[in-house]
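Working notes, beginning with the structure itself.
The values are calculated or read from the model by the stated rules, or taken from the named source; none is laboratory data. Values in this document were obtained by computation on a predicted structure and should not be read as measured data. Cβ coordinates were reconstructed from backbone atoms using ideal geometry, including for glycine residues, and neighbour counts include every protein chain displayed. In case anyone asks, the SASA skips ligands and DNA or RNA and just uses the protein heavy atoms, side chains included. Shrake-Rupley method; radii C 1.70, N 1.55, O 1.52, S 1.80 Å.
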Amino acid sequence: MSGSVYIVGAGPGDPKLLTIRGLECIQQADVILYDRLVNIELLQHAKADAELIYCGKEPGKHGMIQDEIHRVLVEQANLGKLVLRLKGGDPFVFGRGAEEAAVLRQANIPFEIVPGISAGIAAPAYAGIPVTHRDYAASFAIVPGHGRAEKGKDFLNWSALAQIDTVAFYMSVGNVDHITKSLIKNGKSETTPVAVIEWGTTENQRTITGNLATIAQEIQAHQISNPSMILVGDVVKVREEISWFKEKERNKC
């Protein structure tokens, strides 16, 4: 007897930004494997007897390694259970959802992909920043922000990124010096506006702004930490006009 697996994006943090289909999957699942950035309020919608398995990852601490997650998904589905893999944001945006789907397909286990709202779009929106704008930005890119040149080959094409109007860097505050210097070196003006959004779409959201030359100092001064999104581009200017979400005070600690 074989069950099936839902691979679901839980959205960027605010539990109300979960899709209707995502909610249905939570309500129906027998087993839920959930990540660190999933708002735990969403688990209140699970069945009373649903098994909840934490498998979040954070620097230096892994709740479960990826191979173990694969094993549990296959094992639980083969027991005839309806299994939910619940991921922050969208499962196909830096979420390893495609890897998990490939494992399920190889094991002949049926699965469904349920997209979620990505933080790269939602966090700026809650900060009053559109990622595209008729006057400021016709192109948009989202990239991981944790790659470092000192680890070997830098996997990001900085010359290409410097030509894109708006760039969102995920989980990147610890690498801000490398990001800003690489963009400037490849032709981005050091006066290009930058916003950093901490805990986007949640009650703990904070946003600071600066430019490529100053944002590293601003991050340090305000003690910003992950999860945070760094947004680079002239669209940051729009925040002054349409900022709408009531944020946590940005006082220095």
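If you check 101, 125, which single one turns out to be over 20 Å from residue 57 (Cα atoms) and modelled with pLDDT of 95 or more?
Every option except 125 fails the conditions.
Please find, within region 201-246, the residue that is nearest to residue 191 (Cα to Cα) out of those that are in a loop (DSSP other than H, G, I, E, B) and in contact with a Ser or Thr (Cβ under 6 Å, 6 or more places away or on another chain).
212
Could we say that residue 112 is surrounded by fewer than 17 Cβ atoms within 10 Å (Cβ to Cβ) and either in a helix (DSSP H, G or I) or modelled with pLDDT under 95 (or both) here?
In short, no.
Among (1) without any contact (Cβ under 8 Å) to a residue 60 or more places away in the chain; (2) open to solvent by 40 Å² or more (accessible area, probe 1.4 Å), which single condition is residue 216 missing?
(2)
Only one of 169, 155 is surrounded by fewer than 20 Cβ atoms within 10 Å (Cβ to Cβ) and under 11 Å from residue 143 (Cβ atoms). Can you tell me which?
Matching residue, one of 169, 155: 155.
Mind checking whether some residue in region 48-57 is at pLDDT below 95 and either in contact with a helix residue (DSSP H, G or I) (Cβ under 8 Å, 6 or more places away or on another chain) or of a type in the set (Val, Ile, Thr) (or both)?
yes
Just the residues that are modelled with pLDDT of 95 or more and open to solvent by 20 Å² or more (accessible area, probe 1.4 Å), please, taken from region 36-45.
39, 40, 41, 43, 44, 45
Please determine whether any residue of region 146-166 is under 15 Å from the mean Cα position of the chain (by Cα) and modelled with pLDDT of 95 or more.
Looking for residues that are under 15 Å from the mean Cα position of the chain (by Cα) and modelled with pLDDT of 95 or more, one finds none in region 146-166, hence no.
Answer with yes or no whether residue 209 is open to solvent by 10 Å² or more (accessible area, probe 1.4 Å), outside the structural domain of residue 57 (by the TED database) and either more than 28 Å from residue 92 (Cα to Cα) or of a type in the set (Asp, Glu) (or both).
When the stated conditions are applied, residue 209 passes them.
Kindly provide the set of residues from region 222-253 that are under 22 Å from residue 182 (Cβ atoms) and open to solvent by 40 Å² or more (accessible area, probe 1.4 Å), ordered by number.
Selection gives 225, 226, 234.
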